[in-house]
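A short worksheet on the structure shown next.
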Amino acid sequence: MVIDLKRCIGCYGCQLSCKAEHGTPPGVFFARLLKHEEGKYPSVRQMFLPVLCNHCTDAPCVDVCPTEASHYCEGGIVDIDHDKCVGCRACMMACPYNNRYFNAERNWYFGDAGPTPYELARSARHDTGVVMKCNFCTPRLAEGKLPACVANCPTTARTFGDLDDPNSTVSRLIKDRGGFTLHPEAGTSPNVYYLAP
């Protein structure tokens, strides 16, 4: 995935569409938007940084998982098999990007009032006692659709494609615009690239 920081307007479309697609519990955001202000009045600017699982080629979360619940899927996507996850959270400690969440117990948005119909349809499918994270919307990819965050970005700041194909749009964007990754010093070879604003 390539995220163009020049196009990102901080609308939270990625975060909301991801939340709607996956029905994640309260406080869990597979796609997040970080905001940063810099400068001094009157020359102040706000910067936006969308973050998600980086689906690293050398993912430390996969290396440390004792049950092989964290694994590589076809195409290099890093996913979690909840049937194998024992909730040890070693993968959370190993991730240098803090993009994994532990689903300790069933939480509803309105507390003791119980789940809304939406939550029953979406959130109830999430197991408790396991780690959760972005999987690039693997079920959507299987249907030939784009990940929800890409499909719903109003400024087309996100591009999804095959990094192994040098002629793909993502590969050309990275080459032409000098795409960079977050925390390259971690040595994880992330597969989410950013284009400078």
Do you know which of the residues in segment 169-197 that are assigned to a helix (DSSP H, G or I) and hydroxyl-bearing (Ser, Thr, Tyr) is farthest from Tyr97 (Cα to Cα)?
Thr169
Do the conditions hold for Phe30, that is, is it closer than 30 Å to Phe110 by Cα, in contact with a Gly (Cβ under 9 Å, 6 or more places away or on another chain), buried (at least 17 other Cβ atoms within 10 Å of the Cβ) and in contact (Cβ under 8 Å) with a residue 24 or more places away in the chain?
no
Of the residues that sit in segment 73-89 and are touching a strand residue (DSSP E or B) at 6+ places or on another chain (Cβ under 7 Å) and at positive phi, which one is surrounded by the most Cβ atoms within 10 Å (Cβ to Cβ)?
Gly87
Select from segment 165-181 the residues that are within 18 Å of Cys56 (Cα to Cα) and in contact (Cβ under 8 Å) with a residue 24 or more places away in the chain and list them in ascending order.
Val170, Ile174, Gly179, Thr181
When residues of segment 13-65 are limited to those that are under 10 Å from the mean Cα position of the chain (by Cα) and assigned to a strand (DSSP E or B), the one nearest to Tyr97 (Cα to Cα)
Val51
Yes or no: segment 106-114 includes at least one residue that is assigned to a helix (DSSP H, G or I), modelled with pLDDT under 95 and at negative phi.
yes
Listed residues Ser43, Ser70; which is polar (S, T, N, Q), in contact with a strand residue (DSSP E or B) (Cβ under 9 Å, 6 or more places away or on another chain) and within 30 Å of Leu5 (Cα to Cα)?
Ser70
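The values are calculated or read from the model by the stated rules, or taken from the named source; none is laboratory data. Note that the structure is a prediction, hence the values are computed from the model and not measured. Glycine gets a Cβ as well: all are built from the backbone with ideal geometry, and neighbour counts include every protein chain shown.
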